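A.B. asks: This is the structure I want to talk about, given as structure tokens.
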Amino acid sequence: LNAISVLTKKLAKSKLKIKRTQEFTKAEEHLNAYFGTTSDATWMLCAMISYYFDHNGNECSFNSLSEFFDCPVMSTMAYKKDIENLLAKRYIRNTRAAIDDEIDLKNEFKISQELLREVLHNERIVISKNEADNKSLLDTIRTIDRILEGSEALSEKKRRIEYFETKFSDEKFVKDMKLLMPDDIYARMFFYDSCSNFLQGYKMSLDSTIGYVYYSFEKFSVAETFLNETHVLLKYDLLEFTEKGNLTDSILEITQKAKEMLLGENVKLFTKMASGTNIIQPDKIVAKELFYNPENQSEIDRLTSSLQEENLKSIQERLCEKGLPKGIAVLLYGAPGTGKTESVYQIAKTTGRLILHVDISSAKSCWFGESEKIVKKIFINYKNLCKSCKNEKDGKMPVLLFNEADGILSKRKDVSSGNVAQTENAIQNIILEEMEKLEGIMIATTNLADNLDAAFERRFLFKIKFENPSVDAKKKIWKSKLNWLSESDLAAFAQDYDLSGGQIDNIVRKITMDEVLTGARPNFEELRNLCKNEKLGSTEKRIGFF
């Protein structure tokens, strides 16, 4: 410490022009021997140690060294090789560079805690090798965007990425990238930047990223290959659009395939627990008692039993043994409000399965050809969700729910009808193809089974028709909702009004609202009026032209 103090007093504000004294030379020689460094490297190290203590342990940059010595930044850059030697000895660590060996003006250096401890105790220096000193591939890729999104010339970015690939040439990920795109360093640069953004949780703009890794005169031709999806990164299924429009508002991310290539067995550590607006967790579903007609009850019981985990495994094993498709495709059809969707929810809750809820209307994109891609993405997302669930503790396969799928299950249209018909037919063909390959559980609900395409009818293993509830079932529904009604009133409402379960639910909601507002329950006649009004067209009063 005394020797370091002697040097730093002379070096501070010296403009790197030292008038040597006997005391200075003696201290310098002692520290050269102690650190195993040249005089120039010793000067840099002493300056960094001094800066560390004077600035509460902050990192030291070339600007910091310039202030310490009171000299131009370029003068401190002349000691680049000496700083590289300090890095090699692991006396300091480069905290800002994407690749440790690369030094530039943006770098910041932190003193090794082991070095400080041994200096303070005047002990022999032994710096252990650890992960912080030797960046892993993922650590490097995580920060590689600092190179690619910086202001350096593209030729310099290219040189540094080639250096990165050389440094990690034994890594399977780098080998795979060079094998896939051996002659396209710029595509690899684009992909490395995409991986860096993924690891940091950032969105990636197509416009910005092209600007970072391609020459300006190439920008629009490269953008065109992305937007028409002929770019090598899209063809190899390494990138996909999360938002697609024009150049300035398109967002990309790496695909599941790319994540697996990058992360290997660690991919599950970067896979978020299944969640989102279209993911329904079984424990979030409110338990409801549903009442079916006798024939429906037996079919629902059979389906529920088939989807219990042990039974499903046995069924799928037996199907595989017989060379039959092992996917379970179910069609629930019938009038609105008869409990089709709620039945799916209750089956999922009973069997402990996630639901991936699909709004098929969202697949009808205004961009030509986009609808088909969106539908394909639905099945890709479902397969990825299946993989994710398989890694969870219970490993249960989720349910893919196409709710109100009337528009995609109807008979195919004549292609001469126009582009809309062609798109709808293409969507149906994709779904039919995916149903053939299905290994999971798919349930579709529809109100219009009479118009069901024959190709779909063949592919649904279970087909359950939901009728309006029988008198006995309606009585049970009324009783479960309004248990204060007398048996005779329950029988009267069940007998006199042909209402679905959904319509009875609507009436109960109105009664609940009135109870909150008035504090009183409706009487028998008021209930009758609610039942009459629930059926559209049931009243004699007409509105409009007739």
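A.B. asks: Determine whether region 448-469 contains at least one residue that is in contact with a Pro (Cβ under 8 Å, 6 or more places away or on another chain), in the same structural domain as R353 (by TED's automatic domain parsing) and in contact (Cβ under 8 Å) with a residue 24 or more places away in the chain. Break it down stepwise before answering.
C.D. replies: From region 448-469, those in contact with a Pro (Cβ under 8 Å, 6 or more places away or on another chain) are none; that's our starting set.
Scanning region 448-469, I find no residue that is in contact with a Pro (Cβ under 8 Å, 6 or more places away or on another chain), in the same structural domain as R353 (by TED's automatic domain parsing) and in contact (Cβ under 8 Å) with a residue 24 or more places away in the chain, so the answer is no.
A.B. asks: From E467, E487, grab the single residue that is acidic (D, E) and closer than 20 Å to S298 by Cα. I'd like the intermediate steps shown before the answer.
C.D. replies: Values: E487 fails: closer than 20 Å to S298 by Cα.
None of the other options fit; the residue is E467.
A.B. asks: Restricting attention to region 476-497, report how many residues are at pLDDT below 85 and closer than 15 Å to V508 by Cβ.
C.D. replies: 14
A.B. asks: Residues that are of a type in the set (F, W, Y) and exposed (fewer than 14 other Cβ atoms within 10 Å of the Cβ), at least 1 per element: which helices (runs of 4 or more DSSP H) completely within region 10-95 meet that? Lay out the reasoning, then the answer.
C.D. replies: Numbers: elements: 22-35, 39-54, 62-69, 73-77, 80-88.
In region 10-95, 39-54 are the helices (runs of 4 or more DSSP H) which contain 1 or more residues that are of a type in the set (F, W, Y) and exposed (fewer than 14 other Cβ atoms within 10 Å of the Cβ).
A.B. asks: Could you check region 198-226 and list, in sequence order, the residues that are farther than 25 Å from A153 by Cβ and surrounded by 18 or more Cβ atoms within 10 Å (Cβ to Cβ)?
C.D. replies: F198, L199 - these are the residues of region 198-226 that are farther than 25 Å from A153 by Cβ and surrounded by 18 or more Cβ atoms within 10 Å (Cβ to Cβ).
A.B. asks: To continue, here is another question. Give me a count of the residues in region 229-262 that are of a type outside the set (F, W, Y) and either touching a Ser or Thr at 6+ places or on another chain (Cβ under 7 Å) or more than 26 Å from K178 (Cβ to Cβ) (or both). Steps first, please.
C.D. replies: Within region 229-262, the subset of a type outside the set (F, W, Y) is 229-235, 237-240, 242-262.
Narrowing further to those that are either touching a Ser or Thr at 6+ places or on another chain (Cβ under 7 Å) or more than 26 Å from K178 (Cβ to Cβ) (or both): 231, 237-240, 242-254.
Here the count works out to 18.
A.B. asks: Within region 462-497, track down each residue that is in contact with a strand residue (DSSP E or B) (Cβ under 6 Å, 6 or more places away or on another chain) and crowded, with 18+ Cβ neighbours inside 10 Å.
C.D. replies: Within region 462-497, I464, F466 qualify.
A.B. asks: Determine, yes or no, whether R521 is part of a loop (DSSP other than H, G, I, E, B), surrounded by 12 or more Cβ atoms within 10 Å (Cβ to Cβ) and at pLDDT 80 or above. Working first, answer last.
C.D. replies: Numbers: part of a loop (DSSP other than H, G, I, E, B): yes; surrounded by 12 or more Cβ atoms within 10 Å (Cβ to Cβ): yes; at pLDDT 80 or above: yes.
The answer is yes for R521.
A.B. asks: Evaluate the following for E265: is it without any contact (Cβ under 8 Å) to a residue 12 or more places away in the chain, surrounded by 13 or more Cβ atoms within 10 Å (Cβ to Cβ) and either in contact with a helix residue (DSSP H, G or I) (Cβ under 8 Å, 6 or more places away or on another chain) or of a type outside the set (S, T, Y) (or both)? Reasoning before the result, please.
C.D. replies: On the way: without any contact (Cβ under 8 Å) to a residue 12 or more places away in the chain: yes; surrounded by 13 or more Cβ atoms within 10 Å (Cβ to Cβ): no; either in contact with a helix residue (DSSP H, G or I) (Cβ under 8 Å, 6 or more places away or on another chain) or of a type outside the set (S, T, Y) (or both): yes.
Here the answer is no, as E265 does not meet what is asked.
Conditions (1) of a type outside the set (D, E); (2) more than 28 Å from the chain's Cα centre (by Cα); (3) under 17 Å from D394 (Cα atoms); (4) surrounded by 12 or more Cβ atoms within 10 Å (Cβ to Cβ), marked per residue:
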| position | (1), (2), (3), (4) |
| --- | --- |
| I280 | yes, no, yes, yes |
| D283 | no, no, yes, no |
| V286 | yes, no, no, no |
| E289 | no, yes, no, no |
| I300 | yes, yes, no, yes |
| T304 | yes, yes, no, yes |
| N311 | yes, yes, yes, yes |
| G323 | yes, yes, no, no |
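A.B. asks: Another question, if that's okay. Report, ordered by the first and then the second residue, all pairs with beta carbons closer than 9 Å, sequence separation of six or more or different chains, a first member in region 106-121 that is closer than 14 Å to T95 by Cα, and a second member that is among the hydroxyl-bearing types (S, T, Y) and part of a strand (DSSP E or B).
C.D. replies: These pairs meet every condition: K106/S61; N107/S61; E108/S61; F109/S61.
The values are calculated or read from the model by the stated rules, or taken from the named source; none is laboratory data. Please read all numbers here as calculations on a predicted model, not as lab measurements. FYI the Cβ positions are ideal-geometry reconstructions off the backbone, even for glycines, and counts take in every protein chain you see.
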